[in-house]
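See below for the structure under consideration.
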Amino acid sequence: MVQIVDRAINRIGPVFIAIALVLLAMCVFCYYLVVFPYTHRWSDAGFLGKIYIATMLAWSAYMVYCIFFHYYMAIVTSPGNVLDRPGMDPRLRADESDPAIAESHQQEDTETSIREVLLELEEYSVYPKTCKKCHLPKPERAHHCSICNSCVLKFDHHCPWIHNCVGHNNHRYFVLFMTYLVVSATYFALAAWRPFIIALDFINTEWPYYYPRPLVAFSYILAICMGVAIAALCAWHYYLLLTGQTTVEFYNNQYEKGLHKTQGEIFVNMYDFGVKENFKIFFNISDKNPWYSVLIPVPVPPKGSGRIFEKCQEFSLLPTNRQHQYFQVQAEYSDIEDGVKDV
Ligand SMILES: [Zn+2]
Ligand SMILES: [Zn+2]
């Protein structure tokens with residue numbers, strides 16, 4: 001039954017994306033065809049007014065571009081697979097003319113990748129686990145997604161609205177998409193309330209716009225409802241990223257915190273480096289990618305390979321046997337979440 005539901009979610013994924021695009025496009029058209037002409041009158045504006053209008057036009061176009069860019073990147077970026085190697089996109093080899101050669105290349109790639117992953121994990125003294133569903137090495141923070149049927153690096157959750165998992169490689173795009181969407185929806189709600197009221201007044205007012213009144217009303221209500229819902233989700237993701245957790249880790253950490261408390265111990269989240277550092281790690285802010293890179297809609301890869309993660313100092317200071325206990329507990333949770341019963 002669960003498998004049927006997972007398969008159905010996978011199949012109808014593109015439909016969710018199409019719905020999201022239609023709804024987004026409705027609000028964008030509503031803004032440019034009604035709200036912008038209503039709130040910015042070019043013919044009445046003086047010189048400074050015209051500069052202001054041009055600036056607002058450029059700013060709104062930038063926000064729209066940021067929304068669609070990050071949405072597109074969240075959809076097309078692979079969240080991260082255990083066998084991914086830097087510089088090698090398996091999809092690039094899929095179109096090799098001879099299927100037999102292509103298959104043998106893929107097999108070679110897979111074998112080499114497994115060896116490399118195991119060596120990498122061994123080098124960092126993290127005992128490699130094997131996923132009991134896809135039978136591949138399973139690094140720390142990876143989880144098996146039953147909808148995508150593969151192990152995803154630094155798995156957060158499967159999102160039907162992007163028809164993809166949110167994981168190591170695309171979590172940044174997912175969060176930035178929500179951020180730009182929430183800022184834009186807030187601005188839209190503030191700027192469009194008068195056109196919304198006028199659109200509702202069918203009897204007394206004229207309607208000189210090309211966009212139908214019912215769609216303006218619908219777009220406005222939609223922007224508020226979606227804005228509030230996504231703002232809540234966005235705030236939740238900022239809380240998680242600033243505390244160095246993923247969605248699945250949060251629930252385990254909460255449980256572990258309680259357990260440690262009853263035993264008179266303090267729980268240490270090994271991936272929590274403090275708010276500022278967590279922010280820099282999540283958005284991969286470095287000399288190469290300064291802080292304002294979050295404001296520029298360009299592809300930015302995540303920090304690290306996604307198979308091994310640095311641990312905070314507090315964790316490194318724990319005795320070795322306690323560190324092992326943490327890894328053991330993490331591995332057990334990982335199996336439970338993946339629906340593997342024989343732990
Ligand atoms: Zn797996
Ligand atoms: Zn998935």
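One line per residue, one yes/no per condition, for (1) open to solvent by less than 90 Å² (accessible area, probe 1.4 Å); (2) at pLDDT 90 or above:
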residue: TYR255; (1), (2): no, yes
residue: SER286; (1), (2): yes, yes
residue: ASN289; (1), (2): yes, yes
residue: ARG322; (1), (2): yes, no
residue: TYR326; (1), (2): yes, no
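For ARG172, are the conditions met, namely being away from ligand 1 (no atom under 16 Å from the Cβ), in contact with a helix residue (DSSP H, G or I) (Cβ under 6 Å, 6 or more places away or on another chain), open to solvent by less than 50 Å² (accessible area, probe 1.4 Å) and not hydrophobic (A, V, I, L, M, F, W, C)? Walk me through it before giving the result.
Details: away from ligand 1 (no atom under 16 Å from the Cβ): yes; in contact with a helix residue (DSSP H, G or I) (Cβ under 6 Å, 6 or more places away or on another chain): no; open to solvent by less than 50 Å² (accessible area, probe 1.4 Å): yes; not hydrophobic (A, V, I, L, M, F, W, C): yes.
Taking the combined requirement at face value, the residue does not satisfy it.
Of the residues THR110, THR186, THR130, only one is at pLDDT 95 or above and surrounded by fewer than 16 Cβ atoms within 10 Å (Cβ to Cβ); which? I'd like the intermediate steps shown before the answer.
Details: THR110 fails: at pLDDT 95 or above; THR130 fails: at pLDDT 95 or above.
Selected residue: THR186, the only one of THR110, THR186, THR130 that is at pLDDT 95 or above and surrounded by fewer than 16 Cβ atoms within 10 Å (Cβ to Cβ).
Here's the yes/no breakdown for (1) open to solvent by less than 50 Å² (accessible area, probe 1.4 Å); (2) of a type in the set (A, V, I, L, M):
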| residue | (1), (2) |
| --- | --- |
| VAL5 | no, yes |
| ALA20 | yes, yes |
| LEU23 | yes, yes |
| VAL28 | yes, yes |
| PHE36 | yes, no |
| MET63 | yes, yes |
| PHE68 | no, no |
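Pairs, please: C-beta under 7 Å, at least 6 apart or cross-chain, first residue among the aliphatic types (A, V, I, L, M) and in segment 145-171, second within 10 Å of ligand 1 (Cβ to nearest atom) and in a loop (DSSP other than H, G, I, E, B)?
Final answer for the pair search is VAL152/ALA142; LEU153/VAL82; LEU153/ALA142.
What number of residues within segment 207-249 satisfy the criterion of being more than 20 Å from the chain's Cα centre (by Cα), buried (at least 17 other Cβ atoms within 10 Å of the Cβ) and not in a helix (DSSP H, G or I)?
The total comes to 2.
Among HIS105, HIS163, HIS135, HIS144, which is farther than 27 Å from HIS324 by Cβ and at pLDDT 80 or above?
The match here is HIS163.
Before we move on, is VAL275 loosely packed, with under 15 Cβ neighbours inside 10 Å and either free of Cβ contacts under 8 Å to residues at least 12 places away in the same chain or assigned by TED's automatic domain parsing to the domain that holds CYS145 (or both)?
Numbers: loosely packed, with under 15 Cβ neighbours inside 10 Å: yes; either free of Cβ contacts under 8 Å to residues at least 12 places away in the same chain or assigned by TED's automatic domain parsing to the domain that holds CYS145 (or both): no.
In short, no.
Going by the structure shown, is PHE202 away from ligand 2 (no atom under 16 Å from the Cβ), part of a loop (DSSP other than H, G, I, E, B) and either assigned by TED's automatic domain parsing to the domain that holds TRP291 or closer than 24 Å to PRO297 by Cβ (or both)? Outline the logic, then answer.
Values: away from ligand 2 (no atom under 16 Å from the Cβ): yes; part of a loop (DSSP other than H, G, I, E, B): yes; either assigned by TED's automatic domain parsing to the domain that holds TRP291 or closer than 24 Å to PRO297 by Cβ (or both): yes.
Criteria met by PHE202.
Give me the pairs: first residue in segment 229-242 and more than 12 Å from LEU176 (Cα to Cα), second residue surrounded by fewer than 13 Cβ atoms within 10 Å (Cβ to Cβ) and not polar (S, T, N, Q), beta-carbon distance under 7 Å, and six or more apart or on different chains, which are they?
Cβ pairs passing all conditions: LEU242/VAL275.
The values are calculated or read from the model by the stated rules, or taken from the named source; none is laboratory data. Worth saying up front: this structure is predicted, and the values here are computed from it rather than measured. With ideal geometry, Cβ positions are generated from the backbone for all residues, glycine too; neighbour counts draw on all protein chains shown. Remember, those area values only see protein heavy atoms, side chains included, never the ligands or the DNA or RNA. Shrake-Rupley method; radii C 1.70, N 1.55, O 1.52, S 1.80 Å.
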